[in-house]
Amino acid sequence: MSLRADASESGGVVVEYESEDVREPSIKRSWSQPGSALIYLRGPKFLIYVSGALSMWGDRMWHFAISVFLIELYGRNLLLTAVFGLVVAGSVLLVGALIGDWVDRNPRNKVAHASLFIQNVSVTVCSIVLMLVFSYKQWIEQIWDGWLTVVCYTVVIVLADVANLASTALTIAIQRDWIVVITGYNRGHLAGMNATMRRIDQVTNILAPLAVGQVMTLASNVVGCGFILGWNVVSLIVEFFFLSRVYRIVPALSVKPPGADVEEACLQGGARRRTHVTSSRARGTQALPLEPSERSLSLKAVAGLPLCFQRLRQLLSTCRDGWTAYYQQDVFLAGMGLAFLYTTVLGFDCITTGYAYTQGISGSLLSLLMGVSAITGLMGTVMFTKLRKAYGLVNTGVISSCLHLGCLLLCVCSVFAPGSPMDLRLLMAYADNSSASSPAAPGDGGGRMASQREKHSYPLGGGSNQPLLPDRSSIHWTNNTVLFDNVPSGTAPESYVSIILLFLGVITARVGLWSFDLTVTQLLQESICESERGVVNGVQSSMNYLMDLLHFIMVIAAPQPQHFGILVIISVLFITAGHTMYFLYARKAKRKSRQRRDT
């Protein structure tokens, strides 16, 4: 049984989604034939997997290494790393819709090749600049009274940001568009490819930073830059060849509907829905024709502007229309729900791992917990494929949401469990400027808060001018954080119940998290018109980065370990809001499905 969107009148592309049962017999027969393994290795799916693995591995290595490089470049200070994170998040937030629009308006092979080339060349040039800076840093600092150093820092951050933007475009093109076409709009095959790509991402997320970290630890930063440079050159050649072959052996990739001034029929849950897409990508409303006099005045007003302002006006209009298209999608609530999940400290990033380190958890144990979390993430991808086949895509999201929230309740319990450093009196003390500025008398409440603070915070030893990073031999390189051997661990907490509950909740919640993520990803793939896949997914990336920025702002506002419990509660509230949005979408989708069956 297939569902078809009739686009014959508009000149668009016929979009057809098949159930997973349509091709199962033929697939089983093909695997029983001799040489089937060789056919699969030469097929588009395997080539996409290898290309994606190379790309993800390079991305993970680079994202880890660039943060460490920036720390050591700027006197072992976090300023450059913070600036880089702000620039990356801000750029995707501002131009995400433009990137998606560019993906929509250009042929698939040109988009993939251009994104791949820009990304790898940017990383390669940036690695060369970093090698030169590390090798001749003292000489560079003496030129132009040190301003050449500032220029080098700027070049590194700009190139790294360009590489990230190109990586975003490549991800949208391959994982949100190419995969849909390669699977022939078969829902079962699409779910399988999505799950496999996510498994590859989970594995590379752990192994790639460890690999480049070992190179940097055993050798030097210059050797680490050279290793990344060589990887990107080889990866560029291999990925370019593989993507070109996939484009040749899948003829449907060369067929792309026009991006504007067409009538399109968009498939949503099996229903035929015809919408008029104007040149500004407005959806769901019939554009009223302008009078000839009004049209001429509008054209004259635009033509009277300087060329740069005309271009800026066009870019702003594209961004506005991209956000409008995103808002008017049927899966808008599901996409927003996914974005809200980014506002959390309950993940294995530098914030949670740093907090665990202040609570007496060793670096080796943290690395082990990260490995376990990767395994649970893989379990989530397996659970997604099973649930989707048994209960359908929408219900899979509901089940995954409930599982995710249920596991996170353990994190909430950890806030109030024995061993938790949370002290609400500390926040009130910070709010009271007079009491915070005056010394506490012996035996008063301030002294009790000071003792509580000393119990759960472990400052670095040495003077105030001690560098952030100690000797390289004492560094454990992990994903997104740096742990030290010679940092005093301080007094162990009174109880480990709180930290055990926290990580038990974080690790088990990843099963539901990644299953939910795959559910929303496939909903976006199936529900968005082919001519708008890029711009809508570009806006989705912008929303993800925006909500991710919020969680860093939360940490800046409450940076002490005693505040972490409040951050946990706020994170769970954001995640609950996100899943509530998905529940509203699921209710609406089921209601439409019942109405279609009744009619």
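Gain on full extension, evaluated as 0.36 nm per residue between Ala577 and Ile140 minus their Cα-Cα distance, stands at 152.3 nm.
Based on the Cβ-Cβ distance of Leu504 and Thr324, what FRET efficiency does E = 1/(1 + (r/R0)^6) give at R0 = 45 Å, to the nearest 0.05? Could you put the intermediate results ahead of the total?
Details: r = 43 Å, r/R0 = 0.95.
Computed FRET efficiency for Leu504 and Thr324: 0.60.
Using the scaling law 2.2 N^0.38 Å as the reference, what is the normalised Cα Rg of the stretch 142-248? Mind dumping the intermediate values first?
Numbers: Rg = 18.6 Å, N = 107, 2.2 N^0.38 = 13.0 Å.
Dividing the Cα radius of gyration by 2.2 N^0.38 Å gives 1.44.
Neighbours of Gly578 by Cβ distance under 14 Å: Lys/Arg scored +1, Asp/Glu scored -1, total -2. Taking a sphere under 12 Å around the Cβ of Gln202 and counting the other residues whose Cβ falls inside, with K and R at +1 and D and E at -1, yields a net charge of +2. In the assembled protein chains, Val103 presents an accessible area of approximately 10 Å² (probe radius 1.4 Å).
Counted residue by residue at 0.36 nm each, then reduced by the alpha carbon distance between them, the extension gain from Ile556 to Phe117 reaches 154.4 nm. Measuring between their Cα centroids, the stretch 81-124 and the stretch 173-234 lie 17 Å from each other. Ranking of Arg313, Arg245, Arg533, Arg510 by solvent-accessible surface, largest first: Arg313, Arg245, Arg510, Arg533 (1.4 Å probe, protein heavy atoms only, all chains present). Solvent exposure of Leu546, expressed as accessible area, is near 60 Å², computed with a probe of 1.4 Å over the protein chains only. Take Thr217: with every protein chain present and a 1.4 Å probe, its accessible area is about 30 Å².
The values are calculated or read from the model by the stated rules, or taken from the named source; none is laboratory data. Keep in mind that this is a model prediction, so the values were computed, not measured. Ideal geometry is used to build each Cβ from the backbone, glycine not excepted, and the neighbour counts take in all protein chains shown. SASA here: full protein model, heavy atoms, side chains in, ligands and nucleic acids out. Shrake-Rupley method; radii C 1.70, N 1.55, O 1.52, S 1.80 Å.
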